[in-house]
Amino acid sequence: MRYLPLTPAERAEMLEVIGAARVDDLFADVPAEALLPGPIPGLPAHASEMAVERHMGALAAANLSAGEAPFFLGAGAYRHHIPAAVDHLIQRGEFLTAYTPYQPEIAQGTLQVLFEFQTQVARLFGTDVANASMYDGSTACWEAIAMAGRVTKRNRAVLSGGMHPHYSATATTMARFTGDRLDQRLPDLAPEPDDAALIAAIDDETSCVVVQYPDVLGRIPDLAAVGEAVHARGGLLVVVVTEPVALGLIEAPGHLGADIVVGEGQGLSVGLQFGGPYLGLFGCREKYVRQMPGRLCGQTVDADGRRGFVLTLTTREQHIRREKATSNICTNSGLCALAFSIHMSLLGGEGLARLARINHARASRTAEALARVPGVRLINASWFNEFAIELPRDAREIVRELAEYGILGGVSLGRLYPGSPGLARGLLLTTTETTTDEDVHALCTVLRELLVDSHEGSPT
Amino acid sequence: MNAPNPAGWRPEMGEGGPAAGPATASGDRGLMLEEPLIFELGRPGGCGVDMDEPGDGPVLPALQRFLRAEPPALPGLSEPETVRHYTRLSRQNYAIDLGPFPLGSCTMKHNPRLNEKVARLPGFADIHPLQPQQTVRGAIAAVVELADWLIALTGMSAVAMTPKAGAHGELCGLLCIRAALEARGDARAVVLVPESAHGTNPATAAFAGYGVEAIPATPDGRVDLAALEARLGPDVAAVMITNPNTCGLFERDMKRIADAVHAVGALVYCDGANFNAVVGKVRPGDLGIDAMHINLHKTFSTPHGGGGPGAGPVVLSEALASFAPLPFALRGADGVVRLIEEEDAPADHPRSFGRMAAFHGQMGMFTRALTYILSHGADGLRQVAEDAVLNANYVLRSLSDVLDAPYAHAGPCMHEALFSDAGLAAGFSTLDIAKGLIDEGFHPMTVYFPLVVHGAMLVEPTETESKAGLDRFIASLRSVAKRARAGDAALKSAPHLAPRRRLDETLAARKPVLGWGG
């Protein structure tokens, strides 16, 4: 077996050193009735590399991948071009096959990357500090709510209607068990997010307001206004960013009063991967750093006085503090953080800004083209690279019909909000630098055809 | 025992080394390359990405008031500079590709490259989690195929695939337990955790809203069944057990523990971090376990990546299966694979406790783990456990004359060998041995864990170490252990030969510098 180096002769030799007659003597503590006599029946035996590759290749080929189709999905997972150097570098064995840097003298590569990553995230978010990553945006979002509760010693969080529903659902699950109270609402299919309603929900027991930016429909909420209102009542402003490229164009949340900024870093070189692994980003004000979850890398010196890096402030963490830790998180998204950091190093701030403008311009042209399709109503007044339209009938059906034409035509709000008939005709569309004019043309052409029967008036 | 590398350093060569030798203008020492921070290298305004379109498309008027005043202050580097920066940094890391990584409880085994190749197939890597299910049947089939393997290997009823790492899996298991207890109108307040448990166990129980109480260990390193039974009562929701445990021992009384827990209406959570010791040999479902997470990044070889990502699917007993989180992957009676999300849950998975993260789980880890499992098959996985346990016992017996092995008298260990600091010269500690191993060219073992042993050293070689490789590691550890017993002063200041000497962790924590220029 190609991954197992021991030979039968070596096994025998080692058993002799140990003083055991057979390998099952080493399993003597397992109750006899629980020790399986042989391979579990009904399961296949080992297979060659070629056979496994053939099997897995067939499963992969049974999917329609984004690169094979006009593709317009976003809603928390974004398809951007990944520079070839990124995937090459993250496959260097010294990064790929290293463990968490608990022995810093021989993990300076990983640690310096984390230090650079933390700096990049903090500058992107406009926060004082950022940590070494979380699992993903949705779990980072719950951690931010929990952290705001620790900071303010309050337990009522107000969630914007513009939150990604999976993020709200994750928080709802956790709050049910922790006893936190969540004040939630659905989005309206309106041109602007209802910041006023959100502000009206803030009271003196509010630990935080959680605002997604841009919101789930792609609209831009007024963070400064919400922040001012929640700060006046002694709560924190938590901002959620699901598309990091947006912050190349719109102002950093930390510059608009956010106390904690969390996000999904997947858009920068992590890839779609059917939903994971992704990359949770977490930044906050320096004064709250001891309430932060997750690993932090800090600068120090070695015995010779040379600069070096270590994991620090570990007394917040589970392996030291156990049940009093700020979070139970241990493994995070190290390799995804590396990919993000390499991409960010290639782009730089100026490159990110240019990429963001390209994304935005592409979305604007796409929105214009779609608005000319009879039966389509453009909902947003503002957007970055994602916007919502309203269709004359259930958007879930339209998405499935588009797929029959080989078009991956966005995310229906019916999929995101089942049981909310008022949103069922909404369709969320995203374009990035990977979207071509031909893709947009194909989408508009087929959509025009699909909507012929269902809108008032004749097709043009 | 194998000869050391004939090209390696020998004592007659004298005290040369990276720290010795002539002064250099660069600060580098031959191939010991130093690398500045990206912020010290980069030029503001630089960029290593060429873009096809002009970037000056009009900005939407409604967006004007939200525009960023200036781009983030981040340098951009050309591709050659970027490749060199990260390649030079990579050389400051130890990794499993360079040698044994014997961290106890971490299962640092070889990461097969076929896994990497498969995970990058566009049909897995370039599909969106919210594509219509009709366009991703192959991906869902891969999830279900892995789920079927995990269920078969553990003898359980179902598996929740969404948890993103081991600790997230623990949370998933406890939320299933809590949902099940609440469903029978029996909310309970306490979770019992052995004192030898991973720190994530008590942290997770607290995160899930429970009070946490410790259960002591017996002198032979196992859960104290009598103490556990004495504490069990109607307020106990669950007991979290690690089996094999963090002392590297199989909990012989697991079934009795489970029976006692079930007798008071509580449930058994098993931390499956050490499943590598028994995969294919023992099914946790046969031991009365109700929930157990499986670290795909340990037992099933997905790379650790310098700290993640992981994946922590949770296998569930009949009592808990119906509470598994959304989305829930299954093969329907019609043979069609699908993911149950919120829309279908009221009809098809109504008791689910809900969603614990966006999307479906760590697909990139699922494809790697499934590739690994298919490569080994049922026979190979069994061999994995046997070789892992054989290697650990070989280490245990080869070192127990120079290191104190507190539980070795009681019989064999499982996949990891535990030593204490007893017998070291006064003033010498486990940390000195760890740092001495670094100079020998090895990554140290897990140190100071589990907490139940003084100065613990936990060595987990895994099955992917050859005998020759183990012999080299053992020879080095013997040498370092003897120096620590003899009180060799040079050991106190080790490592001398690594990219850095001992780092000042106190300074880092007292005056935190968490970013450049900040």
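The values are calculated or read from the model by the stated rules, or taken from the named source; none is laboratory data. Worth saying up front: this structure is predicted, and the values here are computed from it rather than measured. Heads up, the Cβs are rebuilt from the backbone with ideal geometry, glycines too, and the neighbour counts pull from every protein chain shown.
Things worth noting here:
Residues checked against (1) part of a loop (DSSP other than H, G, I, E, B); (2) at pLDDT below 95; (3) more than 22 Å from the chain's Cα centre (by Cα):
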{"position": "B:G285", "(1), (2), (3)": "no, no, yes"}
{"position": "B:I289", "(1), (2), (3)": "yes, no, no"}
{"position": "B:K298", "(1), (2), (3)": "yes, no, no"}
{"position": "B:P309", "(1), (2), (3)": "yes, no, no"}
{"position": "B:G312", "(1), (2), (3)": "yes, no, no"}
{"position": "B:E343", "(1), (2), (3)": "yes, yes, yes"}
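- Scope region A:1-18; condition more than 7 Å from every other protein chain (Cβ to nearest Cβ) and assigned to a loop (DSSP other than H, G, I, E, B); matching residues: A:R2, A:T7
- Checking B:R68 against (1) over 26 Å from B:P461 (Cα atoms); (2) crowded, with 19+ Cβ neighbours inside 10 Å; (3) of a type in the set (D, E, K, R); (4) in contact (Cβ under 8 Å) with a residue 12 or more places away in the chain, the condition it does not meet: (4)
- Residues of region A:323-338 that are touching a residue at least 12 places away in the same chain (Cβ under 8 Å) and either outside any loop (DSSP other than H, G, I, E, B) or outside the structural domain of A:G280 (by TED's automatic domain parsing) (or both): A:G334, A:L335, A:C336, A:A337, A:L338.
- Check on A:T314, assigned by TED's automatic domain parsing to the domain that holds A:T178 and surrounded by fewer than 23 Cβ atoms within 10 Å (Cβ to Cβ): yes
- One residue stands out among those in region A:101-114 that are touching a residue at least 24 places away in the same chain (Cβ under 8 Å) and within 7 Å of chain B (Cβ to nearest Cβ): the one that is surrounded by the fewest Cβ atoms within 10 Å (Cβ to Cβ), which is A:P104.
- Index of the failed condition, B:I438 passing every other in (1) touching a residue at least 12 places away in the same chain (Cβ under 8 Å); (2) within 29 Å of B:R252 (Cβ to Cβ): (2)
- First in region B:412-433 and without any contact (Cβ under 8 Å) to a residue 24 or more places away in the chain, second anywhere and of a type in the set (S, T, N, Q), Cβ under 7 Å, 6 or more apart: B:P412/B:N393
- Test: B:R188 is outside any helix (DSSP H, G or I), among the charged types (D, E, K, R) and over 25 Å from B:E460 (Cα atoms): yes
- Residue check for A:V262: aliphatic (A, V, I, L, M), in contact with a strand residue (DSSP E or B) (Cβ under 9 Å, 6 or more places away or on another chain), in a strand (DSSP E or B) and free of Cβ contacts under 8 Å to residues at least 24 places away in the same chain: no
- Flag for B:A160 being in contact with a helix residue (DSSP H, G or I) (Cβ under 9 Å, 6 or more places away or on another chain) and surrounded by fewer than 23 Cβ atoms within 10 Å (Cβ to Cβ): no
- Within region A:432-443, the set of residues being part of a helix (DSSP H, G or I), buried (at least 18 other Cβ atoms within 10 Å of the Cβ) and not charged (D, E, K, R) comprises A:V440, A:A442, A:L443.
- Residues in region B:362-421 that are in contact with a Leu (Cβ under 9 Å, 6 or more places away or on another chain), basic (K, R) and either more than 30 Å from A:V52 (Cβ to Cβ) or facing chain A (nearest Cβ under 8 Å) (or both): B:R382 only.
- Whenever a residue of region A:85-100 is without any contact (Cβ under 8 Å) to a residue 60 or more places away in the chain and more than 7 Å from chain B (Cβ to nearest Cβ), it has no partner that is assigned to a loop (DSSP other than H, G, I, E, B) and surrounded by fewer than 20 Cβ atoms within 10 Å (Cβ to Cβ) lying with C-beta atoms less than 7 angstrom away and at least six residues away or across chains.
- Annotation note: of A:A66, A:A34, A:A60, the sole residue that is crowded, with 18+ Cβ neighbours inside 10 Å, touching a residue at least 60 places away in the same chain (Cβ under 8 Å) and within 7 Å of chain B (Cβ to nearest Cβ) is A:A66.
- Taking the criterion of being on the phi < 0 side of the Ramachandran plot, aromatic (F, W, Y) and part of a loop (DSSP other than H, G, I, E, B), the only residue of region B:347-406 that qualifies is B:F353.
- Restricting attention to region A:45-57 and to residues that are part of a loop (DSSP other than H, G, I, E, B) and surrounded by 14 or more Cβ atoms within 10 Å (Cβ to Cβ), the residue that is farthest from the other protein chains (Cβ to nearest Cβ) turns out to be A:A47.
- Number of residues in region A:279-322 that are in a strand (DSSP E or B), more than 8 Å from every other protein chain (Cβ to nearest Cβ) and under 19 Å from A:A146 (Cβ atoms) equals 5.
- Residue list for region A:317-366, restricted to those being in contact with a Phe, Trp or Tyr (Cβ under 7 Å, 6 or more places away or on another chain) and surrounded by fewer than 23 Cβ atoms within 10 Å (Cβ to Cβ): none
- Output for region B:325-361, where each listed residue is more than 12 Å from chain A (Cβ to nearest Cβ) and touching a strand residue (DSSP E or B) at 6+ places or on another chain (Cβ under 8 Å): B:F328, B:L330, B:R331, B:G332, B:R338, B:D348, B:H349
- Restricting attention to region B:432-455 and to residues that are more than 13 Å from every other protein chain (Cβ to nearest Cβ) and touching a Gly at 6+ places or on another chain (Cβ under 9 Å), the residue that is modelled with the highest pLDDT turns out to be B:V453.
- Matching helices (runs of 4 or more DSSP H) fully within region A:120-229 where at least 2 residues are of a type in the set (S, T, N, Q) and touching a helix residue (DSSP H, G or I) at 6+ places or on another chain (Cβ under 9 Å): A:137-152, A:165-178
- Verdict on A:N359 being under 25 Å from A:F125 (Cβ atoms) and part of a loop (DSSP other than H, G, I, E, B): no
- Test: residue in region B:163-183 that is more than 22 Å from B:M356 (Cα to Cα), surrounded by fewer than 23 Cβ atoms within 10 Å (Cβ to Cβ), within 11 Å of chain A (Cβ to nearest Cβ) and of a type outside the set (G, A, S): no
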